[in-house]
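First comes the structure, then the notes that go with it.
The values are calculated or read from the model by the stated rules, or taken from the named source; none is laboratory data. The shown structure was predicted, so the numbers you read here are calculated from the model rather than taken from an experiment. All Cβ positions, even for glycine, are placed from backbone atoms using ideal geometry, and neighbour counts span all protein chains on display. Note: accessible area is taken over every heavy atom of the protein model, side chains too, but ligands, DNA and RNA are not part of it. Shrake-Rupley method; radii C 1.70, N 1.55, O 1.52, S 1.80 Å.
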Amino acid sequence: LMGVFYLEDALSHYAIDFIKSLKQRHKMIILCSGDTKSNVESVAKTLGIDIYYHSMSPVDKSNLIKDLKAKNHIVCMIGDGINDAKAMALADVGIAVSKALDAAKVSTDIVISSGGLEKIIYLLDLSDKFMKNVKENLFWAFGYNTLMIPFAAGLFSKYGLYIAPEFAGLLMGFSSVSVVLNAMRLSKA
């Protein structure tokens, strides 16, 4: 015997941070791979993933996505190979990482063109900021309109509180401007 070689895929150094980020968001994490049981168990243990499947064919992965969706889960599938393409297409959101094959990229909703898992963390952070911004805009626009529409309609004119229609229109325009300005804060994210 002259030598022994043991080859294995290296984990991305962002993988542990990525899994921690998903856990902080209270997401269910499932590792599904076509690899052997021992390799998948090793990766799952290293990353702290409790639910994992090994030796999965593309059909098995697709069936897993269908089963999760049938249980009313919103499913995001992240993959990089042709074996993931159908499952990514079936998921609510499919994400192909930069090293993905063209067949996988075509079947997804999002293609991370450079980088990998760290870009998905950025994407999740940006979507959280976006949803917060939408809720803020709805809150302020609803509150503003709830307060100003009765004035503009003249409901308080018998108490001497009245807004001229042209000024009311200007105030309504201000409401739209404030929503746009608040949304523009996202461009700095």
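One table, with the values for the structure above:
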read-out	value
Filtered residue count, segment 169-182, keeping only those that are closer than 23 Å to Tyr122 by Cα and open to solvent by less than 40 Å² (accessible area, probe 1.4 Å)	1
Ile49 vs. criteria outside any helix (DSSP H, G or I), touching a residue at least 24 places away in the same chain (Cβ under 8 Å), of a type outside the set (Asp, Glu) and buried (at least 16 other Cβ atoms within 10 Å of the Cβ)	yes
Residue within segment 159-181 that is modelled with pLDDT of 80 or more, at positive phi and of a type outside the set (Val, Ile, Thr) present	yes
Some residue of segment 116-134 being part of a loop (DSSP other than H, G, I, E, B), open to solvent by 50 Å² or more (accessible area, probe 1.4 Å) and aliphatic (A, V, I, L, M)	no
Which numbered condition Leu155 misses (of (1) assigned to a helix (DSSP H, G or I); (2) surrounded by 11 or more Cβ atoms within 10 Å (Cβ to Cβ))	(1)
Condition broken by Asn63, with the remaining ones in (1) loosely packed, with under 14 Cβ neighbours inside 10 Å; (2) of a type outside the set (Val, Ile, Thr); (3) part of a helix (DSSP H, G or I) satisfied	(1)
Residue count for segment 84-114, restricted to those that are open to solvent by less than 80 Å² (accessible area, probe 1.4 Å), in a helix (DSSP H, G or I) and modelled with pLDDT under 90	5
Flag for Tyr162 being open to solvent by 70 Å² or more (accessible area, probe 1.4 Å) and outside any helix (DSSP H, G or I)	yes
Scan of segment 66-83 for residues that are closer than 17 Å to Ser113 by Cα, surrounded by 18 or more Cβ atoms within 10 Å (Cβ to Cβ) and not aliphatic (A, V, I, L, M), ordered by number	Gly79, Asp80
Candidate set from segment 139-152 (those that are open to solvent by 90 Å² or more (accessible area, probe 1.4 Å) and of a type in the set (Phe, Trp, Tyr)); member that is modelled with the highest pLDDT	Phe139
